[in-house]
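The values are calculated or read from the model by the stated rules, or taken from the named source; none is laboratory data. For clarity, every value in this text was computed on a predicted model and none was experimentally measured. Counting neighbours? That spans all protein chains shown, and the Cβs are built from the backbone with ideal geometry, glycine included. Ligands, DNA and RNA are stripped out before the accessible areas are found, and what is left, the full protein with its side chains, is counted by its heavy atoms. Shrake-Rupley method; radii C 1.70, N 1.55, O 1.52, S 1.80 Å.
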Amino acid sequence: MKAYLTPYKNSKTSTLIFILSIIASGFCWLEHVINVYNFAFVGAIFEMLWLPVLVFLFVLPIISLRMLVKEKIAVRSLYIYTILICIGTILFMLL
């Protein structure tokens, strides 16, 4: 007997949170790879954005964990990847 499984559909909220985590992770990665203070304009943009990105890195895993529990811990959810990306980025920043 074949079991017919319905494909898992990620919500728009999970996709948005996942994209925000990738953007925050990329921002922190670029900070360590590129000297943002080489150009005054890039340095000014960086200075305006670092605090919101830092807040995203610490708040997004909490929101993702809450939504993951609300979805009854669906294994195929993007919330798991959001948590892993944010925790990996925080560890990358600390080391």
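For this structure, a couple of remarks:
- Qualifying residue in region 31-54 (condition: within 13 Å of the chain's Cα centre (by Cα) and of a type in the set (Phe, Trp, Tyr)): no
- Qualifying residue in region 16-32 (condition: in a loop (DSSP other than H, G, I, E, B) and surrounded by 12 or more Cβ atoms within 10 Å (Cβ to Cβ)): no
- Among the candidates SER77, SER64, residue that is of a type in the set (Gly, Ala, Ser), in contact with a Leu (Cβ under 9 Å, 6 or more places away or on another chain), open to solvent by less than 40 Å² (accessible area, probe 1.4 Å) and under 13 Å from ILE19 (Cα atoms): SER64
- Odd one out for TYR8 among (1) touching a Pro at 6+ places or on another chain (Cβ under 8 Å); (2) open to solvent by 80 Å² or more (accessible area, probe 1.4 Å): (1)
- In this structure, TYR37 does satisfy being in contact with a helix residue (DSSP H, G or I) (Cβ under 9 Å, 6 or more places away or on another chain), open to solvent by 40 Å² or more (accessible area, probe 1.4 Å), outside any helix (DSSP H, G or I) and closer than 27 Å to LEU95 by Cα.
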